[in-house]
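Report on the structure given below.
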Amino acid sequence: MNLRHRHFLKELDYAPAEWRRLLDLAAELKKARADRAEAKRLEGLTIALIFEKPSTRTRSSFEVAAYQQGANVSYFDETGAHMGHKESIADTARVLSRFYDGIQYRGSRQDIVETLAAHSSVPVWNGLTDEWHPTQSLCDMFTMRESSGLEDRDISFAYVGDARFNQGRSLLIAGAMMGMDIRIVAPEPLQPDGKLVATARRIGAGTGARVTVTDEVDAVRGVDFVHTDIWVSMGEPKEVWAERIELLTPYRITTELLERTENPDVKFMHCLPSYHDLGTTVAQQILAETGREVFEVTEEVFESPASVVFDQAENRLHTIKAVLVATLA
C-alpha cells in the first residue's frame, strides 16, 4: 500500500485499510526502535514545522521522529514566518515546498492546513486544528490496540466531555474507521454536530462500528477505555468558564465513573495536557476567578494504575514517525 506523497489532514482523507496500515507501520517502527534495529529511511530530508499554537507532545514527536529517521527540521512559531500576514498561505506553501520535503502545521483553522496542502508540492501534515487532530487519534487507536490486545472490532471506548471539537470529532471518525464500539458521552449542547455523527454511522455501516451519542453517563458501561480532554483552553474568553464547568462537572472522570463501566480492567486516556491538580496557572486562575475547579479528571484517576496517559503520550512519537515514513520514504 503506497501512501507516498499523501497529505495527512484529517481522518476522512484515508480509507480504513490505509489507516490500519499506518497503525501496523507504527508497531513495526516502535519494535525496531526497541530492538535497536531501526533503519533510517528519511536521511537527507528536511521538514518544516509551523506552530501557530505551541505544543509539547506534537513538537517533540515530530522533531524526535525526524531525527531518529535521519531527517532535519526547521521550527517556525507564530512570529517566525509571514504566513497570512505579509505573505499569503498559498504563497508560503509554494515557497516552503521548494526548500522542504514536508510541512507540518499546527494552529486554529482547518482551512489554513487545507490551503497549504492545495498549494504545496510536498506532503502537508495536520498537527492540530480546531476541527481535527489526526495525529492524536492515530496515536489513540494505536494505544488502545497495544493496551488491550484486542482486535479492533472488539474494542469499545467512551469519550466523555466536550465533544464538539478536534479530539471528540477525530476519535468519533477514527473509531468508526476501525470498526470499534464508540460512545460519545456529553451534555447535549457539547455533542458533535449531527452531520458528523451521520458520517461516522455511514462509515460504520461498512466497518461494523457501533456509534452511540448520548448525555447519559451510564453509557460508559462495558467500555474498555474512557477518554476525556480539558474543559477550557488558553485563549478562550473567561465568560465561558463558569458555564462550561457547570455543564461538564457531572462528566468529570472520577473513580466512581470508572466503576460505572463495570470493567475492572478499564483504562483511562487523555491527550494531555490535563488539569488534574492545581499545578498549572490556568487551573489556579480559573479557581481564583470562579471559585470552582476545572479538573476534568481527578488526581486519583490520573495517577491510578488505570491511567495509560504517558504510554499514550509516548505513542505520539511512534505514530507520527509512521506518518512521516509512509508519506516520505
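Rule-based calculations on the coordinates, nothing more; no lab input. Computed from a predicted structure; not experimentally measured. FYI the Cβ positions are ideal-geometry reconstructions off the backbone, even for glycines, and counts take in every protein chain you see.
Using only the Cα atoms, work out Rg/Rh for the range 241-293, with Rh taken as the Kirkwood radius, to two decimals.
1.03
Would you mind classifying the range 228-329 by shape? Square roots of the alpha carbon gyration tensor eigenvalues, ordered a ≥ b ≥ c; an a/c under 1.5 is rounded, otherwise it is prolate if a/b is larger than b/c and oblate if not.
It is oblate, given that a/c is not under 1.5 and a/b is not larger than b/c.
Note the count of lysine pairs whose C-alpha atoms are less than 21 angstrom apart in the chain, limited to pairs 8 or more residues apart or on different chains.
Close lysine pairs found across the chain: 11.
Pulled fully out, how much extra length does the chain show between ASP130 and ARG292, if you take 0.36 nm times their separation in residues and subtract their Cα-Cα distance?
Length gained between ASP130 and ARG292: 55.8 nm.
Dipole size in debye (nearest 20) for the chain around its Cα centre, Lys and Arg Cβ +1, Asp and Glu Cβ -1?
So the magnitude is around 1400 debye.
With a/c under 1.5 counting as rounded, go ahead and sort the range 34-177 into rounded, prolate or oblate using the C-alpha gyration tensor (a ≥ b ≥ c being the square roots of the eigenvalues; past the cut-off, prolate if a/b is larger than b/c, else oblate).
Oblate.
Taking neighbour counts of Cβ atoms within 10 Å as a proxy for exposure, in what order, fewest first, do TRP241, TRP132 appear?
TRP241, TRP132
Hey, rough spin-label estimate for ARG98 and VAL282, points 7 angstrom out along Cα→Cβ, what's it come to in nanometres?
3.9
Between the range 11-43 and the range 260-329, what is the separation of their alpha carbon centroids in Å?
Spelled out, the Cα-based centre of one part sits 23 Å from the other.
Along its principal axes, what span do the Cα atoms of the range 128-198 show, with the longest given first and each in whole Å?
Answer, in whole Å and largest first: 35, 23, 20 Å.
Normalised radius of gyration for the range 3-80, please: alpha carbon Rg relative to 2.2 N^0.38 Å, two decimal places.
Its radius of gyration relative to the 2.2 N^0.38 Å reference: 1.23.
Work out how far the C-alpha atoms of the range 95-138 reach from end to end along every principal axis, then list the three figures in whole Å, largest first.
Answer, in whole Å and largest first: 29, 19, 13 Å.
As a footprinting exposure proxy, order TRP19, TRP125 by other Cβ within 10 Å, with the fewest listed first.
Lowest count first: TRP19, TRP125.
Report the one residue of ALA163, VAL232, PHE76 whose Cα lies farthest in the direction of the positive end of the charge dipole of the chain (charges on C-beta: Lys and Arg +1, Asp and Glu -1; origin at the Cα centre).
Of ALA163, VAL232, PHE76, it is PHE76.
What number does the chain give for Rg over Rh if you use C-alpha atoms and the Kirkwood radius?
Radius of gyration over Kirkwood radius for the chain works out to 0.96.
Under the definition of Cα pairs under 8 Å and six or more residues apart, what whole-number percent is the relative contact order of the chain?
After rounding, I find 20 percent.
Quick one: putting +1 on the C-beta of Lys and Arg, -1 on the C-beta of Asp and Glu, what dipole do you get for the range 1-122 around its Cα centre, in Debye to the nearest 20?
For this selection, approximately 320 debye.
May I ask you to compute the full-extension gain from LYS86 to SER121, defined as 0.36 nm times their residue separation minus their alpha-carbon distance, rounded to one decimal in nm?
Gain on extension, LYS86 to SER121, equals 10.5 nm.
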